[in-house]
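This report concerns only the one structure given below.
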């Protein structure tokens, strides 16, 4: 969880100083703006927490081997967001996004306070690309996924700032 916590700090650093307008500025047709990337990160974390809650409530144990989910960081591998995780196109303020991201992180922290790593290691559910992953892998994946999208935010931010009036 420590790595996942640090990645969230990195996310806040990445968007620090940007205006709501800059967060919502489109830089390329068909490409998400920064606010949409942040909303997607929120939605992913929230659905993982809900899924973990469900699998942890099930008495069945399903241990699994380690999956190569770190490949998520390879941005040359394009994966479309699953249904329900695609962000809306409407304007979103930084304050609204912070509240949403803080709420999903609080839900994750609360969930992890109830279970130890051994329990998480016995409870698994499938990732659409990597297959069956246990709870510990899913928690780590949250940070890896967020890190991938911080790189995306940095790319979009570069374009936004390059096109800003001087």
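Whether a residue is more than 16 Å from the chain's Cα centre (by Cα), modelled with pLDDT of 95 or more and surrounded by 13 or more Cβ atoms within 10 Å (Cβ to Cβ) was assessed, and residue 54 does not pass this test. Checked against the criterion of being touching a strand residue (DSSP E or B) at 6+ places or on another chain (Cβ under 6 Å), in contact (Cβ under 8 Å) with a residue 12 or more places away in the chain and outside any helix (DSSP H, G or I), segment 41-57 has no qualifying residue. Checked against (1) surrounded by 18 or more Cβ atoms within 10 Å (Cβ to Cβ); (2) over 19 Å from residue 149 (Cα atoms), residue 63 passes all but a single condition, namely (1). The set of residues in segment 153-166 being touching a residue at least 40 places away in the same chain (Cβ under 8 Å), in a helix (DSSP H, G or I) and surrounded by fewer than 19 Cβ atoms within 10 Å (Cβ to Cβ) consists of 154, 159, 161.
Scoring residue 75 on the criteria (1) assigned to a loop (DSSP other than H, G, I, E, B); (2) farther than 21 Å from residue 158 by Cβ leaves a single failure, condition (2).
The values are calculated or read from the model by the stated rules, or taken from the named source; none is laboratory data. In this text the structure is predicted, and so the values were computed from the model without any measurement. For neighbour counting, all protein chains shown are included, and Cβ atoms are generated from backbone atoms with ideal geometry for every residue, glycine included.
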